[in-house]
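This report concerns only the one structure given below.
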Amino acid sequence: MSLSLEEAQQRVVSICKSRQLAIDTIPLQVAVGRVLAEDAHASDDIPAFDNSAMDGFAVRGEDLPCEGEARFQVMETLLAGHVTQRVLGVGQCMRIMTGARMPNGADTVVIKERVRVEANIAVIGAGERQGSNVRPRGEEMLAGQLAVGRGQRIRATHASLLASLGMDRVRVFRQPRASIISTGDELVMPGQSCSGAQIYNSNGFGLAALLGGAGAQLDRADESPDGLPFRHVADDREQLRCALLDAARASEVVITSGGVSAGEADHLPGLVRELGQVHFWKVRLRPGMPFLFGEIEGALLFCLPGNPVSSLVTFQSLVRPALRALQGDRELHPRWLNARLVAPVRKQHQRTEMLRGSLESGEDGTLNVRVSSRQGSAMISGMLAADVLVEFPESAQTLDAGQVVRVFPIQHD
């Protein structure tokens, strides 16, 4: 059932899109990071009135001098948020602050640094342009215009724009509930004694951080606020069966780490077939070939390899797009960049390889990428030192120095 990386991504996304989550209505102040579930349109022009772009003096443009100076009587001061009923006449002006509504009759603002004030008179010299320093009504957006589209993950700027539309609540897709199961007799928790044949459990912590950053609500191993965000299960088939069923009944997404290859203690492929359905097992990807995607009792199951880098790479390549699809996100895959290889790389296998690399700026301003020498799938430090994944296509065996390749920025959270 081994699929190419592209085929695996397409299958994951297709299934997850069909399971798109329900919609919640939430306050705008907690909406950052959530995905908008309906289009947001401007209910009025933005700005809704002509206003000053600078602190200065509002005048009639036709009164500006072509040469020499002109004198204007200062009628009043306009602050942002205040309105005047006065209409400017010939030779009159008003002191105005940034954002204040333009008074009737005025169409130009002369910045205060270019005005000389003598008692109640503003003296303005030649060279000012009619209509300058004014933000016209509807300059940013007209009533009815689309402001933020459905499927947009809300960031700080989106929240600010939605607030400018007068929205205090928004409709968003619900976040998936997720459980993590870390497997392996060789794992012990940090803080515990570690024998000569054991290693500390790192995947549980890394995957929990990645899931939280991808918008999932984590099911904790116990009910306390500081409880572990994952469960550790030994390489015992019955214990793993019970853990899978418990997680599937509590969550919509279950992530496992380890136990998914073809070894004596790799129970997951057989258990998933027995308890539910395997959508595919194995991807032509390095690191991360033994990845399994399936479901148990309606919960989507992503079984990741146990090697830490394999786990992180498969999360970036396959799990994150799945979580985005579940939440209605229109940007399912990370944006890629083009960069030139600093040195040649080679491989012996027929799989897509995701190499860890670091971006550099060339002397001519082009983007270069240097592949790390630390490519072992157990080397977490090699992942941490990198800022991109370099795509080595399945069909290629050699990439030459100077060749342009696709690189994917690593999302560390």
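A short reminder: the numbers here are calculations on the coordinates, not readings from a lab. Owing to the predicted nature of the structure, the values given are computational and were not obtained by experimental measurement. Neighbour counts are summed over all protein chains in view; Cβ atoms, including those assigned to glycine, are modelled from backbone coordinates with ideal geometry.
Rank Ala119, Ala378, Ala159 by mean-square fluctuation in a GNM of the chain with C-alpha springs under 10 angstrom and give only the top-ranked residue.
Ala119
Just to be sure I understand: with springs between alpha-carbon atoms less than 10 Å apart, which residue in Gly204, Gly212, Gly68 has the highest mean-square fluctuation in the Gaussian network model of the chain?
Maximum among the listed residues: Gly68.
When only Cα pairs under 8 Å and 6 or more residues apart are kept, what is the percent relative contact order across the chain?
Across the chain, relative contact order equals 16 percent.
Taking K and R as +1 and D and E as -1, what net charge do the other residues with C-beta under 14 Å from the C-beta of Gln239 add up to?
-2
Report the antiparallel proportion of the DSSP beta bridges in the chain as a percent, rounded to a multiple of 5.
70
Can you tell me the length gained on complete extension of the stretch Ala343 to Glu238, counting 0.36 nm per residue apart and subtracting the Cα distance?
Gain on extension, Ala343 to Glu238, equals 32.9 nm.
How big is the Kirkwood radius of segment 40-98, worked out from every pair of different alpha carbons and given in Å to one decimal?
Computed over Cα pairs of segment 40-98, the Kirkwood hydrodynamic radius comes out at 13.2 Å.
Between Phe280 and residues 5 or more places away or on another chain, which pairs have amide H atoms under 5 Å apart, with H built 1.01 Å from N, and which residues are they?
Phe293
Work out, step by step, the length gained on full extension between Asp364 and Arg249: first 0.36 nm times the residue separation, then minus their alpha carbon distance; give nm to one decimal.
35.8 nm
Using a simple charge model, +1 on the beta-carbon of Lys and Arg, -1 on the beta-carbon of Asp and Glu, nothing else, what dipole does segment 161-269 show about its Cα centre, in debye to the nearest 20?
Here segment 161-269 has a charge dipole of around 620 debye.
Which ordering of Ser377, Ser2, Ser193, Ser310 is given by a fewest-first count of other beta-carbon atoms within 10 Å?
Ser193, Ser2, Ser377, Ser310
Per-residue ellipticity at 222 nm for the chain, helices alone: DSSP H runs ≥ 4 residues times -39500 (n - 2.57), over residue total, nearest 500 deg cm²/dmol?
My calculation for the chain gives -5000 deg cm²/dmol from helical runs alone.
If I histogram all Cα-Cα distances within the chain using bins 10 Å wide from 0, what percent of pairs lands in each bin?
Here the calculated profile for the chain is 4, 18, 21, 17, 13, 10, 9, 6, 2, 0.
Obtain the nm distance between the two label points defined at Ala119 and Leu146 by a simple spin-label model: each point lies 7 Å from its Cα along the Cα-to-C-beta direction.
6.0
Choose one of Pro321, Gly276, Gly61: the residue whose Cα lies farthest towards the positive end of the charge dipole of the chain (beta-carbon charges +1 Lys, Arg; -1 Asp, Glu; about the Cα centre).
Gly276
Could you check which residue among Ala216, Ala248, Ala343 shows the biggest mean-square fluctuation in a GNM of the chain with a 10 Å Cα cutoff?
Among Ala216, Ala248, Ala343, the largest GNM mean-square fluctuation belongs to Ala343.
Tell me, what HN-Hα J-couplings in whole Hz come from the Karplus equation 6.51 cos²θ - 1.76 cosθ + 1.60 at θ = phi - 60° for each residue of segment 285-290, using x for Gly and Pro?
Along segment 285-290, the couplings run 9, 10, x, x, 4, x Hz.
Test of the criteria: in segment 291-400, which trypsin sites (Lys or Arg not before Pro) are in a DSSP loop and have at most 12 other Cβ atoms within 10 angstrom of their Cβ?
Hits after loop and neighbour filter: Arg335.
Assuming R0 = 41 Å, what is the FRET efficiency of Cys194 and Gln350, from their Cβ-Cβ distance, to the nearest 0.05?
FRET efficiency, Cys194 to Gln350: 0.65.
How large is the Kirkwood hydrodynamic radius of segment 337-409, in angstrom, based on all distinct alpha carbon pairs?
Result for segment 337-409 stands at 12.3 Å.
Any idea what the relative contact order of segment 129-244 is, in percent, if you count C-alpha pairs under 8 Å spaced at least 6 apart?
Relative contact order for segment 129-244 comes out at 24 percent.
Only Cα pairs under 8 Å and at least 6 apart count here; give the relative contact order of segment 177-332 as a rounded whole percent.
Taking the mean separation of contacting Cα pairs over the length of segment 177-332, I get 22 percent.
Ratio to report: Rg/Rh of segment 281-400, with Cα atoms as the point set and Rh obtained by the Kirkwood method; give two decimals.
Computed over Cα atoms, the ratio is 1.00.
Which whole-Hz ³J(HN,Hα) couplings does segment 68-80 yield from phi under the Karplus relation 6.51 cos²θ - 1.76 cosθ + 1.60, θ = phi - 60°, glycine and proline marked x?
x, 10, 10, 10, 10, 7, 7, 8, 5, 10, 10, 9, 4
Using the crude model of +1 on Lys and Arg Cβ and -1 on Asp and Glu Cβ, and no other charge, please compute the dipole size for segment 51-135 relative to its Cα centre, in debye to 20.
Roughly 240 debye for segment 51-135.
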